[in-house]
Amino acid sequence: MSFEGDLALVRLAQPVKGVKIDFRMPKTEVAIDESLVMVGYGNTRHGSESSGRRRFGRNVVTDIQLSAGGNGAFAFRSVGAHTHEGDSGGPCFREGRGGRWLVGINMGNANAGTISLFTSTFHYRAWIEERMRQADTD
């Protein structure tokens, strides 16, 4: 296991059968009003029928916060899909003709599921890519 900031990469003892890594790391930071896809899986706060099932949806970025060191976070506050309790650690993707880019990792939700917060992967991409290369060669 390796960690940086509030991100962690965990190497499994065995590959998960039937799972293909289908994403790239972003070359640019997310932008205000950019439409992204978030994925969640886990128990929802109210135990709805989607509890324990993979969920995904699209929303637009409304806030970007960058620290002095360049590490950042972004949020969705508008009407649309949001994350739920139990989705922490789930991915957020930019999708386009060229594929899918991992732009964020869920760090939680707030205000009864009307705000979804993500750690931006843009400034961590070199660290993530290096750890993934190491896992491939071990």
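Looking at segment 9-104, the strands (runs of 3 or more DSSP E) lying wholly inside it that each contain 3 or more residues that are within 18 Å of Tyr124 (Cβ to Cβ) and modelled with pLDDT of 85 or more sit at 91-96. Can you pull out every residue in segment 87-138 that is small (Gly, Ala, Ser), open to solvent by 50 Å² or more (accessible area, probe 1.4 Å) and farther than 17 Å from Leu7 by Cα? Answer for segment 87-138, where residues must be small (Gly, Ala, Ser), open to solvent by 50 Å² or more (accessible area, probe 1.4 Å) and farther than 17 Å from Leu7 by Cα: just Ala112. Search segment 113-128 for residues being touching a Gly at 6+ places or on another chain (Cβ under 8 Å) and part of a helix (DSSP H, G or I), and hand back the single one that is nearest to Ala81 (Cα to Cα). Looking at the filtered set, the residue picked out is Phe122. In summary, Arg131 fulfils each of the numbered conditions (1) assigned to a strand (DSSP E or B); (2) out of contact with any Phe, Trp or Tyr (no Cβ under 8 Å at 6 or more places or on another chain) with the single exception of condition (1). Picking from residues in segment 9-25 that are more than 14 Å from Ala135 (Cα to Cα) and of a type in the set (D, E, K, R), the one that is most open to solvent (accessible area, probe 1.4 Å) is Lys17.
The values are calculated or read from the model by the stated rules, or taken from the named source; none is laboratory data. Computed from a prediction, not measured in an experiment: that's the story for all the values here. Quick reminder, even Gly has a Cβ in these numbers, built from the backbone with ideal geometry, and neighbours come from all protein chains shown. Areas reflect the complete protein model, heavy atoms only, side chains present, ligands, DNA and RNA absent. Shrake-Rupley method; radii C 1.70, N 1.55, O 1.52, S 1.80 Å.
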